[in-house]
Amino acid sequence: MTDDTLQTVVYSSTATQPFGPDDLRELLRTSRSYNADAGLTGMLLYRGGRFIQVLEGTASEVQGLVEKIRGDRRHTAMRVLLREPIDERRFADWTMGYEPIGVPAGDAPEGFRDTFDDLEADDPSAVARAVRELTVWFRVRSQGVPETPPA
Amino acid sequence: MATATPRPDNGVTWARVEDGFHVGSRHGEFLGYVDRQSDGGYLAFDAFSRMVGRFRGITAAMSAVADAPGAAAAAPTHRSPHAEPDRPASAEPHRMPHDERRSLGKATP
């Protein structure tokens, strides 16, 4: 039985081998092709050997891809950070958006939280906020200015 | 002894996404962001990504985000006593430099 509820899943995983530009290009090529056929959208980040991916689509398609990724030997230590229903897609224009992101030179300045630390925290509200922060960052880097504030 | 950049609070949670890019939230609501430019200055944007100012220092940029219209409705705000002098905000919409960051993967051609 299929579930057509619109859903987003965010997961993190660790690359089993370092991903160079060619590896990333190939990963994006196959993922965009699959997602276009499955009606999935989202974005991918690769930072310091770790993947963060946001997936959006029907619950059935998203879950199908999550299971597929779990079996992908290029990833390990996969962990679903957030799974929630959504009213509308935040990456509707992207079969799998990608922007290069740098690894900070040091800890976050005093008084600042680190988005990537929050992303893997046990606090659901911190995780949700971190995902929103990444969404803002991605929209700014990819499009210049988002047309609407993130939900 | 470590030195810390004085920063406005106003009940705002600030997070670093990457060096130079900081997002502010208050009570779970997205307020806006501050983006460091190649010249070392900072652009501040509200929750609708409208630029609210260009600043020499991050603290003034953060205050501008916290004090932006709309953000002010969420909680009382105050101007940080540590805010640096700033240049007038521009009414021009900000466009990111059109460099090689443009991604592939658009779902629509």
Being more than 7 Å from chain B (Cβ to nearest Cβ) and within 16 Å of B:ASP46 (Cα to Cα) is the filter; apply it to the stretch A:142-151 and report the residue that is modelled with the highest pLDDT.
A:ALA151
Expected single match for in contact with a helix residue (DSSP H, G or I) (Cβ under 8 Å, 6 or more places away or on another chain), at the interface with chain B (Cβ under 9 Å from one of its Cβ atoms), surrounded by 16 or more Cβ atoms within 10 Å (Cβ to Cβ) and at pLDDT 95 or above among A:GLU133, A:GLU99 is A:GLU133
Quick check on this structure: which one of A:VAL54, A:VAL80, A:VAL62 is surrounded by fewer than 16 Cβ atoms within 10 Å (Cβ to Cβ), among the aliphatic types (A, V, I, L, M) and not in a loop (DSSP other than H, G, I, E, B)?
A:VAL80
Options A:ARG139, A:ARG90, A:ARG73; residue that is charged (D, E, K, R), modelled with pLDDT under 95 and not in a loop (DSSP other than H, G, I, E, B)
A:ARG139
Scan the stretch A:28-51 for residues that are part of a helix (DSSP H, G or I), hydrophobic (A, V, I, L, M, F, W, C) and within 11 Å of chain B (Cβ to nearest Cβ) and report the count.
2
Residue hits (the stretch A:1-20; in contact (Cβ under 8 Å) with a residue 60 or more places away in the chain and of a type in the set (A, V, I, L, M)) are A:LEU6, A:VAL9, A:VAL10, A:ALA15
Selection count where residues are surrounded by fewer than 17 Cβ atoms within 10 Å (Cβ to Cβ) and either within 7 Å of chain B (Cβ to nearest Cβ) or in contact (Cβ under 8 Å) with a residue 40 or more places away in the chain (or both), scope the stretch A:102-111:
6
Among the residues of the stretch B:34-50, what is the count of those that are farther than 22 Å from A:GLY48 by Cβ and within 11 Å of another protein chain (Cβ to nearest Cβ)?
8
I need the full set of residues from the stretch A:112-130 which are part of a loop (DSSP other than H, G, I, E, B) and surrounded by 14 or more Cβ atoms within 10 Å (Cβ to Cβ), in order please.
A:PHE112, A:GLU120, A:ALA121
Residue tally, condition loosely packed, with under 15 Cβ neighbours inside 10 Å and at pLDDT 95 or above, over the stretch A:38-51:
1
If you check every pair at least six apart or on different chains, which have Cβ atoms under 9 Å apart with a residue in the stretch A:21-39 that is basic (Lys, Arg) first and a residue that is surrounded by 13 or more Cβ atoms within 10 Å (Cβ to Cβ) second?
A:ARG25/B:LEU104; A:ARG29/B:LEU104; A:ARG32/A:TRP94; A:ARG32/A:THR95; A:ARG32/A:MET96; A:ARG32/B:LEU104; A:ARG32/B:GLY105; A:ARG32/B:ALA107
What is the one condition in (1) in contact with an Asp or Glu (Cβ under 6 Å, 6 or more places away or on another chain); (2) away from every other protein chain (no Cβ under 12 Å); (3) not acidic (Asp, Glu) that A:ALA126 does not satisfy?
(2)
Which residues, counting only those in the stretch A:54-74, are touching a residue at least 40 places away in the same chain (Cβ under 8 Å) and more than 15 Å from the chain's Cα centre (by Cα)?
A:THR58, A:ALA59, A:SER60, A:ARG73, A:ARG74
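The values are calculated or read from the model by the stated rules, or taken from the named source; none is laboratory data. Predicted model, so just to flag it, every value in this text is computed and none were measured. Glycine also receives a Cβ, built like all others from the backbone with ideal geometry; neighbour counts cover every protein chain displayed.
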